[in-house]
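Colleague: Just dropping this structure here.
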Amino acid sequence: MWQRIWALVKANTPFFSGYALFLGFGALLLIRYGKEGLFLSQNAWHHPLADAIAPTLTHLGDGLFAFAIFVVLLTINYRQALTALVCFATVLVLIQAGKQLLFDDALRPAAYFAAMGQEIRLVDGVKVHAHNSFPSGHSASAFVLFTFLALHWPKKHMGWLLLLAAVVISYTRIYLSQHFMGDVLAGSLVGVTVAMLGTAWMDVVFEKQPKPWHRRGLFKKQDIKKATS
């Protein structure tokens, strides 16, 4: 199992090396400036274009977008679709368990700084939440989705583009004052870990009991190899 996971990492070096840099750099910033200082420095930067784009872009990290990808995969490959479903469902359970059971008292930035008597900049028209800040569910969803896509994308050298998409979507959660950096990093780690473990485990399951339908989809009724042989 672990050899299979390591093989996935090596096959997707552009994605995982970039993610290691993102995770390490984010952790260093947290250590250097602290939770509050880092958020305030990020909150000080804003731009009208980012204000217009971020509220829409952030929805690419919610469950509806992941479900849409699952539906698309169903039309192409049942095996990949089921693997994606396992990964998405696992992340949902883990994140909600963390939010509701383990860290239910974690305040989001607006409520956190309001309790300290300090105002922060909010994007107009965006409703900010007060509780269940840790970990970031949108970040976890974005990273499990784009890590899964990277693992199954044949153009491995372009995996950094998928990583960039996950990072940008996750950053919108900070920009919109919905989460702290620590929330985003934790969510990303959950998403990446689940995508790797879920993909490796489902590969083992499918390979132990191979079926003809594994390579089929709703719009792909038979194995291409058989159809062209």
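The values are calculated or read from the model by the stated rules, or taken from the named source; none is laboratory data. Owing to the predicted nature of the structure, the values given are computational and were not obtained by experimental measurement. Positions of Cβ are backbone-derived with ideal geometry, glycine not excepted, and every protein chain shown enters the neighbour counts. Surface accessibility is based on the protein's heavy atoms, side chains included, excluding ligands, DNA and RNA. Shrake-Rupley method; radii C 1.70, N 1.55, O 1.52, S 1.80 Å.
Colleague: All but one of (1) at pLDDT below 95; (2) surrounded by 17 or more Cβ atoms within 10 Å (Cβ to Cβ) hold for D62; which doesn't?
Modeller: Checking D62 against (1) at pLDDT below 95; (2) surrounded by 17 or more Cβ atoms within 10 Å (Cβ to Cβ), the one that fails is (2).
Colleague: Here is a further query. What residue, among those in region 90-113 that are surrounded by fewer than 14 Cβ atoms within 10 Å (Cβ to Cβ) and either hydrophobic (A, V, I, L, M, F, W, C) or touching a strand residue (DSSP E or B) at 6+ places or on another chain (Cβ under 8 Å) (or both), is farthest from E36 (Cα to Cα)?
Modeller: My answer is V93.
Colleague: For region 160-174, name all the residues that are of a type in the set (S, T, Y) and crowded, with 24+ Cβ neighbours inside 10 Å.
Modeller: S170, T172
Colleague: Name the residue that is most open to solvent (accessible area, probe 1.4 Å), counting only residues in region 175-202 that are of a type in the set (A, V, I, L, M, F, W, C) and under 23 Å from A111 (Cβ atoms).
Modeller: Of everything passing the filter in region 175-202, V190 is most open to solvent (accessible area, probe 1.4 Å).
Colleague: Would you check which residues across region 1-17 are hydroxyl-bearing (S, T, Y) and in contact (Cβ under 8 Å) with a residue 60 or more places away in the chain and list them?
Modeller: Result: T13, single match.
Colleague: While we're here: I'd like to check something: does region 74-86 contain any residue that is part of a helix (DSSP H, G or I), without any contact (Cβ under 8 Å) to a residue 60 or more places away in the chain and either under 13 Å from the mean Cα position of the chain (by Cα) or surrounded by 14 or more Cβ atoms within 10 Å (Cβ to Cβ) (or both)?
Modeller: Yes.
Colleague: Got a number for residues in region 133-159 being open to solvent by 30 Å² or more (accessible area, probe 1.4 Å) and modelled with pLDDT under 95?
Modeller: Final tally of qualifying residues: 7.
Rundown of residues vs (1) under 17 Å from T147 (Cβ atoms); (2) in contact (Cβ under 8 Å) with a residue 24 or more places away in the chain; (3) in contact with a Gly (Cβ under 9 Å, 6 or more places away or on another chain), yes/no style:
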{"site": "Y19", "(1), (2), (3)": "yes, yes, no"}
{"site": "F39", "(1), (2), (3)": "no, yes, no"}
{"site": "G63", "(1), (2), (3)": "yes, yes, yes"}
{"site": "V71", "(1), (2), (3)": "no, no, no"}
